[in-house]
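Derivation of every value follows stated rules applied to the coordinates shown; laboratory data play no part. Just so you know, these numbers come straight off a predicted model, no measurement behind them. Don't worry about glycine lacking a Cβ; one is built from the backbone with ideal geometry, like all the others, and counts go over all protein chains shown.
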């Protein structure tokens, strides 16, 4: 995988997550916070997890691992979650701006919050971030549908079509 590929996937990831946040602007806060008995309870909880994971992986790649994950109480509103996501997205874009194809194949190590040691190539971690976020956006889409709302289309092919038009 090339740096150009990784940058495209990162742009897709940001576009898709932004579409989710934009669609939530029309929903009442109580629906976003409603416990739907899903893996992260609510839309808010799921987005907190998604953003927290992106932030955690970026901190690991930067060599300054976060000491804890973000909890829903740390970002009590969707606006708070979105602000954290935007900060993380800008930092990730800056990080990608300093990379090269060769650097993507270098490895970095880290300890998980439970103390386990792992080593990954940067390219592997960056692909994982997109894959993980895609999975959880899908959960948000399902929760929105369960509440009777029409979620946005966040598919990669839609992103490609839209960006080719520009």
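Could you compute the FRET efficiency for residue 90 and residue 153, with r as their C-beta to C-beta distance and R0 at 25 Å, rounded to 0.05? The pair residue 90/residue 153 has a calculated efficiency of 0.50.
Kindly provide the helix-only [θ] at 222 nm of the chain, computed as the sum of -39,500 (n - 2.57) over DSSP H runs of four or more divided by all residues, to the nearest 500 deg cm²/dmol?
-21000 deg cm²/dmol
In this label model, residue 114 and residue 35 are separated by 2.4 nm, measuring between points 7 Å along each Cα→Cβ vector.
Which angle from 0 to 90°, rounded to the nearest 10, does the C-alpha axis of helix 43-62 make with the longest principal axis of the chain? Long axis of 43-62 versus the principal axis of the chain: about 10 degrees. Relative to the longest principal axis of the Cα atoms of the chain, helix 156-165 runs at roughly 80 degrees.
Please work out how much length the chain gains when fully extended from residue 128 to residue 80, using 0.36 nm per residue of separation minus the C-alpha to C-alpha distance, in nm with one decimal.
On the way: separation 48, 0.36 × 48 = 17.28 nm, distance 2.41 nm.
Going from the current span to full extension adds 14.9 nm.
Could you work out the equivalent-ellipsoid semi-axes for the range 1-127, taking the square root of 5 times each eigenvalue of the Cα gyration tensor, largest first, in whole Å?
Numbers: eigenvalues 156, 64, 25 Å².
Largest first, the range 1-127 gives 28, 18, 11 Å.
Between residue 71 and residue 22, what is 0.36 nm times their sequence separation minus the Cα-Cα distance? Round to one decimal in nm.
Additional length available on full extension: 15.5 nm.
With respect to the chain, whose longest principal axis is taken over its alpha-carbon atoms, helix 78-97 is tilted by about 20°.
Fully extending the segment from residue 164 to residue 15 would add 52.3 nm, taking 0.36 nm per residue of separation and subtracting the current Cα-Cα distance. Please give, to one decimal in nm, the separation of the simple spin-label points placed at residue 5 and residue 145, each 7 Å out from Cα toward the Cβ. According to this spin-label approximation, the distance is 3.0 nm.
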